[in-house]
Amino acid sequence: MRQYLDLRVHDRVALDEIELYAEMLSAVAAAERPLTVAEIDSVLGVRSDDAGRRELTPQD
């Protein structure tokens, strides 16, 4: 028996990764030099604490 793919189902994680990739490409395209780690973290929504640990910034 052949199974049919339900096209209404989306892979939320994959779509989120594609969105992050697009944001990164846009930032790189707009930059006149290589981005710093801090700039990349900002684009990706990551922040660093005083100990240098990095974590995701909560999204609204």
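Specify which of the listed residues (7, 20) is of a type outside the set (Gly, Ala, Ser), in a loop (DSSP other than H, G, I, E, B) and either open to solvent by less than 70 Å² (accessible area, probe 1.4 Å) or modelled with pLDDT under 85 (or both). Don't jump to the end; show me each part of the working.
Working: 20 fails: in a loop (DSSP other than H, G, I, E, B).
Selected residue: 7, the only one of 7, 20 that is of a type outside the set (Gly, Ala, Ser), in a loop (DSSP other than H, G, I, E, B) and either open to solvent by less than 70 Å² (accessible area, probe 1.4 Å) or modelled with pLDDT under 85 (or both).
Which of the following residues is β-branched (Val, Ile, Thr), in contact with a helix residue (DSSP H, G or I) (Cβ under 7 Å, 6 or more places away or on another chain) and either at pLDDT 85 or above or open to solvent by 80 Å² or more (accessible area, probe 1.4 Å) (or both): 28, 37, 13, 43?
Exactly one residue qualifies, and that residue is 43.
Could you list, in sequence order, all residues of the range 46-56 that are in contact with a Lys or Arg (Cβ under 9 Å, 6 or more places away or on another chain) and open to solvent by less than 80 Å² (accessible area, probe 1.4 Å)?
Step one: list which residues in the range 46-56 are in contact with a Lys or Arg (Cβ under 9 Å, 6 or more places away or on another chain), which gives 46-48, 54-56.
Hits for the range 46-56 are 46, 48.
The values are calculated or read from the model by the stated rules, or taken from the named source; none is laboratory data. From a predicted model like this one, the values you see are computed outputs, not experimental measurements. All Cβ positions, even for glycine, are placed from backbone atoms using ideal geometry, and neighbour counts span all protein chains on display. Please note that ligands, DNA and RNA were not included when accessible areas were found on the heavy atoms of the full protein model with its side chains. Shrake-Rupley method; radii C 1.70, N 1.55, O 1.52, S 1.80 Å.
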